[in-house]
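A.B. asks: Supplied in structure tokens, the structure appears directly below.
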Amino acid sequence: MLLEDQHCQRFFWMDDDESQRSVYVVQVMTFGACCSPSTAQHVKNTNAKKFEQDYPDAVDAIIKRHYVDDMLVSTETKEEAVKLAQDVKKIHEHAGFEIRNWISNSAMVQATSKGAATEEKNLNIGEEATTEKVLGMWWNTSNDCFTYKLSSRYDEALLSGSRRPTKREVLRTLMMIYDPLGFIAHLLMFLKVLLQEIWRTSVGWDDPIEDLQFEKWLKWLAVFPDMRLVEVPRCYRSLTSVEAEVEMHTFVDASENGFAAVVYLRFREGNVIECALAGAKTRVAPLKFLSIPRSELQAALLGVRLADTILASLSIKIYKRYFWTDSKDVLCWLASDHRRYSQFVAFRVSEILESTDVNEWRWVPTKQNVADEGTKRTRVPDFSSDSRWFRGPDFLKEDEHGWPVTPSFKKSTDEEIRTHLLIHAM
């Protein structure tokens, strides 16, 4: 800390004897102060910008790929990863920051980057690799996949179904499953809807749930252990190169229970096509009933917001975007003058058209709409890596001429047309 900055943290100290008064200043940065995170980020970024010309990739990683004191970054080759790690470490050392505890899915990168602190942690690579926690997500460095684990804090009697949960325990179970990217959103959606049903019964927070909700709770428990089988590849592609054309496909769907949006990245290079799940989002429907067309519009808006968020976080260039819905009403509203409709429809259509073009929207049959798995419990969730939830619908593996064809329709429901009142004075 600079000498002139030390007086920003000045303390007046007085002993029991009021005649003994002293003034102290803190000579190092205080950990835990309200300003500490902001100050640390400012110092980190300011120091990195000094090396922008010599180490542009390392500076970009420090400014954009750091979360407080953690760094998450990916490179195309092992050599690039080693160089990046060395450059980042060199830049941080210039400001007195010691970066350590490197984790990689490559044994060579791990061996080159590790330091004394890493050796103490005994991070293994290869066949003996263990699953490491990275910003709350479990990452298996051996197969380079994200996975899920059951917390040791779970009540075995509760999850075995031998004890009826309270409303508080259902909420606690839902909140203990950390899924920021929505990889298992189709599993958690069922519990969200169940929690809303429990809320409608007006049962107390510490009272056991009613019989009907307890039956649904047992159905969810039968599927819940399969969550440990989930393995989502960290890398979006394995067959194509950086030269592949990348498309973003967003599927949206709604039901009386809630809304769902799923985003996939489609890579195409020559005759090779592969798809990867980029993220998903689900929301329960509001307590006040919404019509299905309005719910479908809410799902479309949710999909646009999710796609914009993912697009802003990606470092790869998206060649084209597609938005898929099985609602003909939504497509009619998007293609017509939204000022003709009620405020509910007009405002949401306006926001959707601010971020997307009408030509980006397409119709998909309900049976081929992947987002349908996040809104309906008509089938048991498939957690295998080859399921369509994780790999996208089958038609995305085909050329565009094999995709669903949008039928011709021009009229939507008349319920949302704004009423015009004409008064004639006699």
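The values are calculated or read from the model by the stated rules, or taken from the named source; none is laboratory data. What you see is a predicted model; the values in this text were computed from it and never measured. Heads up, the Cβs are rebuilt from the backbone with ideal geometry, glycines too, and the neighbour counts pull from every protein chain shown. Quick note on the areas: whole protein, heavy atoms, side chains included, nothing else; ligands and nucleic acids left out. Shrake-Rupley method; radii C 1.70, N 1.55, O 1.52, S 1.80 Å.
A.B. asks: Every residue in segment 161-171 that is assigned to a loop (DSSP other than H, G, I, E, B) and either among the β-branched types (V, I, T) or surrounded by fewer than 12 Cβ atoms within 10 Å (Cβ to Cβ) (or both), please.
C.D. replies: Once the filter is applied, which keeps residues that are assigned to a loop (DSSP other than H, G, I, E, B) and either among the β-branched types (V, I, T) or surrounded by fewer than 12 Cβ atoms within 10 Å (Cβ to Cβ) (or both), segment 161-171 yields only S162.
A.B. asks: Would you call Q86 open to solvent by 80 Å² or more (accessible area, probe 1.4 Å), of a type in the set (S, T, N, Q) and under 26 Å from S142 (Cα atoms)?
C.D. replies: Judged against the criteria, Q86 is a match.
A.B. asks: Among what's in segment 197-231 and is β-branched (V, I, T) and either in contact with a Cys (Cβ under 6 Å, 6 or more places away or on another chain) or within 25 Å of L287 (Cα to Cα) (or both), pick the residue that is surrounded by the fewest Cβ atoms within 10 Å (Cβ to Cβ).
C.D. replies: Checked segment 197-231; the qualifying residue surrounded by the fewest Cβ atoms within 10 Å (Cβ to Cβ) is T201.
A.B. asks: Would segment 143-157 turn up any residue that is in contact with an Asp or Glu (Cβ under 9 Å, 6 or more places away or on another chain), modelled with pLDDT of 85 or more and either assigned to a helix (DSSP H, G or I) or open to solvent by 30 Å² or more (accessible area, probe 1.4 Å) (or both)?
C.D. replies: Yes, some residue in segment 143-157 is in contact with an Asp or Glu (Cβ under 9 Å, 6 or more places away or on another chain), modelled with pLDDT of 85 or more and either assigned to a helix (DSSP H, G or I) or open to solvent by 30 Å² or more (accessible area, probe 1.4 Å) (or both).
A.B. asks: So, one more: Exactly one condition in (1) touching a helix residue (DSSP H, G or I) at 6+ places or on another chain (Cβ under 7 Å); (2) among the hydrophobic types (A, V, I, L, M, F, W, C); (3) part of a helix (DSSP H, G or I) is false for V203; which is it?
C.D. replies: Here V203 meets the rest and fails (3).
A.B. asks: Mind checking whether some residue in segment 340-354 is in contact with a Phe, Trp or Tyr (Cβ under 6 Å, 6 or more places away or on another chain) and basic (K, R)?
C.D. replies: Within segment 340-354 (the criterion being in contact with a Phe, Trp or Tyr (Cβ under 6 Å, 6 or more places away or on another chain) and basic (K, R)), the answer is no, since none of the residues qualifies.
A.B. asks: Right, another one. Could you please give the count of residues in segment 347-360 that are free of Cβ contacts under 8 Å to residues at least 40 places away in the same chain and open to solvent by less than 30 Å² (accessible area, probe 1.4 Å)?
C.D. replies: Residues that pass the stated criteria total 0.
A.B. asks: Tell me, yes or no, whether segment 211-230 has at least one residue that is on the phi < 0 side of the Ramachandran plot and within 18 Å of the chain's Cα centre (by Cα).
C.D. replies: Scanning segment 211-230, I find at least one residue that is on the phi < 0 side of the Ramachandran plot and within 18 Å of the chain's Cα centre (by Cα), so the answer is yes.
A.B. asks: With the condition being closer than 21 Å to L188 by Cα, I'd like the strands (runs of 3 or more DSSP E) fully within segment 215-326 carrying at least 1 qualifying residues.
C.D. replies: Counting at least 1 such residues, we get 231-233, 245-254, 258-269, 272-284.
A.B. asks: Report every pair of residues separated by at least 6 positions or lying on different chains whose Cβ atoms are under 7 Å apart, first residue within segment 155-172 and within 13 Å of W220 (Cβ to Cβ) and of a type outside the set (K, R), second open to solvent by 60 Å² or more (accessible area, probe 1.4 Å) and assigned to a helix (DSSP H, G or I).
C.D. replies: G161/L218
A.B. asks: Restricting to segment 347-378, name every residue that is more than 29 Å from F190 (Cβ to Cβ) and not charged (D, E, K, R).
C.D. replies: Hits for segment 347-378 are F347, V349, S350, L353, S355, T356, V358, N359.
A.B. asks: Quick test of your reading of the structure: F395 fulfils all but one of (1) open to solvent by less than 50 Å² (accessible area, probe 1.4 Å); (2) over 24 Å from F267 (Cβ atoms). Name the failing condition by number.
C.D. replies: Here F395 clears every test but (2).
A.B. asks: State the number of residues belonging to segment 361-375 that are assigned to a helix (DSSP H, G or I) and surrounded by fewer than 21 Cβ atoms within 10 Å (Cβ to Cβ).
C.D. replies: 3
A.B. asks: Still on this structure, I have one more. Suppose the filter is touching a Gly at 6+ places or on another chain (Cβ under 6 Å), over 22 Å from M137 (Cβ atoms), of a type outside the set (D, E) and open to solvent by less than 60 Å² (accessible area, probe 1.4 Å); does L194 pass it?
C.D. replies: The answer is no for L194.
Yes or no, residue by residue, for (1) open to solvent by less than 10 Å² (accessible area, probe 1.4 Å); (2) farther than 21 Å from V246 by Cα; (3) in contact with a Lys or Arg (Cβ under 8 Å, 6 or more places away or on another chain):
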| position | (1), (2), (3) |
| --- | --- |
| I273 | no, no, yes |
| S295 | yes, yes, no |
| Q298 | no, yes, yes |
| A307 | yes, no, yes |
| A312 | no, no, no |
| I316 | no, no, no |
| Y319 | no, no, no |
| W324 | yes, no, yes |
| D329 | no, yes, no |
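A.B. asks: Here is a further query. Which residue, of K121, K133, is open to solvent by 60 Å² or more (accessible area, probe 1.4 Å), at pLDDT 50 or above, more than 25 Å from A48 (Cβ to Cβ) and of a type in the set (D, E, K, R)?
C.D. replies: K133
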